[in-house]
Amino acid sequence: MTRVTFEVHVVLDNDLKEISEEVLANDLENYREILLEQEVLEGSLLIEVQDQPRLEVTDELWAVVQNLCFACFPALLEEKRECYIYTCTSYDGHIVMLQLADLIRLIGEDTPTITEKKQKLLPELFDCGIRYLEFLKRLGDDRNESVQYLQPFADKARRILQQHQFS
């Protein structure tokens, strides 16, 4: 089983709270005010592949989603690059996506390395990005600027996935 989800990080009562995608989908109203107070939504993309350690990519969520859920597809599938490198925005770190035949390997500093079939991983990454966009739309307010920024990346990724029969 391969699964990709996101979580949002906020500080509540001087403690870091990680709010899962599932909680946000079911209970957004309890978090709306604190989320709208955040200048930038920070959090993690969580990538789970069966029998491998969970890969957690923590950064500003717009950047993680833009790069790992959308922008990597043109580079990997259309341009046929051997790798796609995501440079984190909030710390000095990178996630490298390597193409190995029908596999994708994700490598980063201080993160586990995971490997999964493209047919499983790429649609999961894309679907998580779409769910993040839906979350931003439900959250509303000025987050719609992020939606407007990310939507063209999502549209292009969708076209490429369909052209390459990944959906």
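For P152, indicate whether it is more than 16 Å from P74 (Cα to Cα) and either assigned to a loop (DSSP other than H, G, I, E, B) or free of Cβ contacts under 8 Å to residues at least 24 places away in the same chain (or both). Here the answer is no, as P152 does not meet what is asked. Are any residues in the range 113-144 among the basic types (K, R) and either within 15 Å of E21 (Cα to Cα) or not in a helix (DSSP H, G or I) (or both), and if so, which ones? K117, R131, K137, R138 - these are the residues of the range 113-144 that are among the basic types (K, R) and either within 15 Å of E21 (Cα to Cα) or not in a helix (DSSP H, G or I) (or both). Consider the range 41-57. How many of its residues are part of a strand (DSSP E or B) and either over 13 Å from the mean Cα position of the chain (by Cα) or at pLDDT below 95 (or both)? Here the count works out to 1. Note on the range 83-131: among residues that are hydroxyl-bearing (S, T, Y) and surrounded by fewer than 16 Cβ atoms within 10 Å (Cβ to Cβ), the one that is farthest from R159 (Cα to Cα) is Y91. All conditions but one from (1) more than 23 Å from E29 (Cβ to Cβ); (2) under 16 Å from the mean Cα position of the chain (by Cα) apply to Q148; the one that does not is (2). Each residue in the range 1-40 was checked for being part of a strand (DSSP E or B), touching a residue at least 60 places away in the same chain (Cβ under 8 Å) and exposed (fewer than 14 other Cβ atoms within 10 Å of the Cβ), and 0 of them qualify. For R105, state whether it is assigned to a helix (DSSP H, G or I), touching an Asp or Glu at 6+ places or on another chain (Cβ under 9 Å) and of a type outside the set (A, V, I, L, M, F, W, C). No: the conditions fail for R105.
Only a single criterion out of (1) farther than 12 Å from F166 by Cβ; (2) touching a Leu at 6+ places or on another chain (Cβ under 7 Å) is not satisfied by A101, namely (2). Close contacts from the range 43-69, counting a first residue that is aromatic (F, W, Y) and a second that is at pLDDT below 95 and crowded, with 19+ Cβ neighbours inside 10 Å, with Cβ to Cβ under 6 Å and a gap of 6+ residues or different chains, come to W62/S146.
The values are calculated or read from the model by the stated rules, or taken from the named source; none is laboratory data. All values reported here derive from a predicted model rather than from experimental measurement. Methodologically, a virtual Cβ is constructed for each residue, glycine included, from the backbone with ideal geometry; neighbour enumeration extends over all protein chains shown.
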